[in-house]
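Accompanying notes for the structure given below.
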Amino acid sequence: MTDTVSLGIGLGFALLGGLLIALSGRRWGLCPFQHCPALEAGQCVEFTVASKRYATLLQGVDGEMLLITPPLEHGIPVSFEVGSFAQLRLTTPAGVFEAVIQFVGRQTQPEQRLLARVAGRWKHTERRQHERVVLPDEVNIAIHHAGEQWVGWARDVSAGGLRLIAPIPTPVNAQVRLELPAALRGLTDSDAERAARVVACERAPTRHGYAYQLRLAFVDE
């Protein structure tokens, strides 16, 4: 074997090794946790501590650390004892994931956030019957209920329902009527108006302050 051939083979292995390292680094950069779902800033999360459930937002991921917006209780941010555990529930376009997390600290600068680590594997507990599309921009939707009308904005949508932010709460199982803009009619396979049932209503932080997140399931008429 000539020196030229040996050099070529060596360079080939070096390039292959570099490519594998790069791909591995990218994978862990996007998903640092074992068997984790897609994690994005702004996702809604719920967690249960001492049989009490809280709803808030995921601010992001730093290495293997979850950065979580502190939930509010009577208008005051809630913190938890370092070392305490919680059952986390994360809703994504691919379905619902759950994992046990452990609170390891809290930051106040540049903004308040809870620091938590995932203490076990993620479990994919619910899969979407319909593909859910996360909306990149706020899409306004007119909502009618009990003789009143107000405007909310959609966060994601599918052929089976949608998730939106509303300025006022609506009772669970209440039926509402939605005026869907043209941009959503194709995604929902709907006309300009559609009836929906409130599956869940919870207090949620937004860029404008706190409002209410409604999870709606379309009703066949």
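The values are calculated or read from the model by the stated rules, or taken from the named source; none is laboratory data. The structure displayed is predicted, hence computed values, not measured ones. When we count neighbours, we look across all protein chains shown, and the Cβ atoms used for this are built from the backbone with ideal geometry, even at glycine.
Some notes on this structure:
- You will find that of Thr69, Thr91, the residue that is in contact with a strand residue (DSSP E or B) (Cβ under 7 Å, 6 or more places away or on another chain), within 20 Å of Pro205 (Cβ to Cβ), modelled with pLDDT under 80 and not assigned by TED's automatic domain parsing to the domain that holds Ala211 is Thr91 and no other.
- Consider region 109-130 and keep the residues that are at pLDDT below 75 and part of a loop (DSSP other than H, G, I, E, B). The one that is nearest to the chain's Cα centre (by Cα) is Arg128.
- Sole residue being surrounded by fewer than 13 Cβ atoms within 10 Å (Cβ to Cβ) and at pLDDT 75 or above, chosen from Ala200, Ala211, Ala196, Ala182: Ala182
- Note on region 80-117: residues that are over 15 Å from Thr48 (Cβ atoms) and either among the aromatic types (Phe, Trp, Tyr) or surrounded by 19 or more Cβ atoms within 10 Å (Cβ to Cβ) (or both) amount to 1.
- Qualifying positions in region 159-179 - more than 19 Å from Thr206 (Cβ to Cβ), assigned to a strand (DSSP E or B) and under 21 Å from the mean Cα position of the chain (by Cα): Gly161
- For Gly147, the conditions (1) surrounded by 16 or more Cβ atoms within 10 Å (Cβ to Cβ); (2) modelled with pLDDT of 80 or more are fulfilled apart from (1).
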